[in-house]
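Where a number appears in this text, it was derived from the coordinates with a stated rule and is not lab data. All figures in this text were calculated on a predicted structure; none of them were measured in a lab. Here Cβ is always computed from backbone atoms with ideal geometry, including for glycine, and neighbour counts include all displayed protein chains.
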Amino acid sequence: MATTDAVLNAIDANLDASTERLFDLLRIKSVSTDPAFTSDCKRAADWLAGQLQSLGYKAEVRTTPGHPIVVGRAEAKRKDAPHVLFYGHYDVQPPDPLELWESDPFAPRLAEGKRGKEIVARGASDDKGQLMTFLEACRAFEANGGLPCHVTFLFEGEEETGSPSLPDFLATYKEELSAPDLALVCDTGMWNATTPAITVMLRGLVQEEATVHGPSHDLHSGMFGGPVINPIHILAKIIADLHDGDGRVAIPGFYDGVTELPEDVVEQWRNLDFDERAFLKEIGLTEPGGEGGRSVLEQIWARPACDVNGIFGGYTGRGTKTVLPAKASAKFSFRLVGTQDPKAIVEAFRAFVRERLPQDATVDFTSHGASGALQLPFGSEALNRARRALREEWDKDVVLIGCGGSIPIVGAFKRDLDMDTLMIGFALDDDRIHSPNEKYAFASFHKGARSWARVLAALAD
């Protein structure tokens, strides 16, 4: 098997050809949400399967009720080598509004940006450029003795529309897809243009709606206001009780399963070049709210949260109407971390609301989904190897970051395949994904391929 240096040299020497292959994929209008582009999505899947087959790998385009999914398999030279599953998606967002693009969104081009060359096209960063960094690393290995790891490839065509076909697909092919030891997901980003990052935490989400009922029908506030309970007042009091004076969620048992971060991670976040005041200024604020004693990054990445997303009841039209409403509703979301149990959060929240209802008031609840948080163990051997590999490529310590939202496929891998995921990507915050003039830094593409080569070698070492 060739040395890692030989593989890296091959990536460098073939960069022009690698770029043209990416451009070929970017020219395919694989917009998943618009039926007018169904054939283009199929063409993108066929193109990717062809790329895998050209490297000597087994690859199939498998049908789903929606757009097809590509599944491939590559064998390492070593029979006892680790087995990884690499996930990416070939579908893209619609390019609209077209008039805001500086060039044809499906005619990829190299442009000069503030940090050097950039690849401009729809899907350049999300996710075709990211996906191709991994394929180009594999190509370089095959030209130099073969892969160090067994690899299963999974390329989806409905990520931008919520992956409706994926759950059944994972269930159907569970035995095949659960064979790998670890999943690799590239749909994430760097800390900045020169500092690599690994996303190690994804917050979970519970969404609840509560409707408080009072009198049998709306009433005149002059004739009934005072002695009659008002559902809006009741709901407002419940909402006010959700947090204590320090910004902590006051629901009993809410913090069960929430653990403190390792001190070295806290210190790393504390030393990042992140300006809290500038972050808040961009959204018209001056002081952070939320849980006292916690930094903005810690609150977003590693702490749970409770928010009211909407509240309504009574008369909300123009002008006034002296109505005492029969009911009032609010929508709530809870962001979860660690091992917080979504079902336990739902039960605790509903009990919290019921305990605060006065005589004659009732409440109905509607669930809008619940999923747990995900966290890669900080002491994971795979994580430590990936950190060392990225450090060698970028000459910077890797930042272990969290994600305030969720990446559904990572949850599916853990829930359905019992598989942890390394989330390593090379996108930048200003890549304008989902917006006109989407771009991917040429350095992200080039060094991304080199990074994956180092990571694969490190996982197999």
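Take every Cα pair under 8 Å in the range 163-308 that's 6+ residues apart, average their separations, divide by the length, and report that relative contact order as a whole percent.
Numbers: 61 pairs, mean separation 31.1, N = 146.
Across the range 163-308, relative contact order equals 21 percent.
Given charges of +1 on the Cβ of Lys and Arg and -1 on the Cβ of Asp and Glu, with all other atoms neutral, how large is the dipole of the range 231-360 about its Cα centre, in debye to the nearest 20?
Dipole magnitude for the range 231-360 comes out near 1060 debye.
Where the centre of each part is set by its Cα atoms, how far does the range 161-208 sit from the range 385-441, in angstrom?
9
Bin width 10 Å, origin at 0, all Cα-Cα pairs of the range 308-421: what percent of pairs per bin?
10, 28, 24, 17, 12, 7, 2
For the range 101-255, taking Cα atoms only, what is the radius of gyration to one decimal and the Dmax to the nearest whole Å?
Gyration radius and largest Cα-Cα distance of the range 101-255: 26.6, 87 Å.
Lys/Arg Cβ at +1, Asp/Glu Cβ at -1, dipole of the range 121-241 taken about the Cα centre: which of 132, 150, 188 is farthest positive-ward?
Sorting the options by dipole projection puts first 188.
What shape does the range 118-202 take by its C-alpha gyration tensor, where a ≥ b ≥ c are the square roots of the eigenvalues and a/c under 1.5 counts as rounded, a/b above b/c as prolate, and the rest as oblate?
It comes out oblate by the Cα gyration axes.
Give me the compactness ratio for the chain, meaning the Cα radius of gyration over 2.2 N^0.38 Å.
Here the answer is 1.11, to two decimals.
Counting other beta carbons within 10 Å of each residue's own, what order do 282, 291 fall into, fewest first?
Ascending Cβ contact count within 10 Å gives the list 282, 291.
Below 12 angstrom from the Cβ of residue 412, what's the summed charge of the other residues (Lys, Arg +1; Asp, Glu -1)? Walk me through the numbers on the way to the answer.
Values: positive: 174, 414, 415; negative: 156, 159, 168, 416, 418.
Charge balance near residue 412 sits at -2.
Can you give me the relative contact order of the chain as a percent, contacts being Cα pairs under 8 Å and 6 or more apart?
26
So how do 434, 220 line up by other beta-carbon neighbours within 10 Å, fewest first?
220, 434
Which order do the peptides 252-261, 203-212 come out in when sorted by mean C-beta neighbours inside 10 angstrom, highest first?
Descending packing order for the listed peptides: 203-212, 252-261.
Of the beta bridges DSSP finds with both residues in the chain, what % are antiparallel, to the nearest 5? Walk me through the numbers before you get to the answer.
Numbers: 52 of 74 bridges.
Looking only at bridges with both residues in the chain, the antiparallel portion is about 70 percent.
Please report the orientation-averaged projected area of the range 1-133, defined via the convex hull of its C-alpha atoms, in nm².
Approximately 10.0 nm², given one-decimal rounding.
Treat the count of other C-beta atoms within 10 Å as a stand-in for reagent exposure and order 218, 246 from fewest to most.
Ranking 218, 246 by Cβ neighbours within 10 Å, fewest first, gives 246, 218.
How much mean residue ellipticity at 222 nm does the chain get from its helices, if each DSSP H run of length 4 or more adds -39500 (n - 2.57) and you divide by all residues, to the nearest 500 deg cm²/dmol?
So the calculated ellipticity at 222 nm is -10000 deg cm²/dmol.
Give me the orientation-averaged projected area of the Cα convex hull of the range 384-439, in nm², one decimal.
5.4
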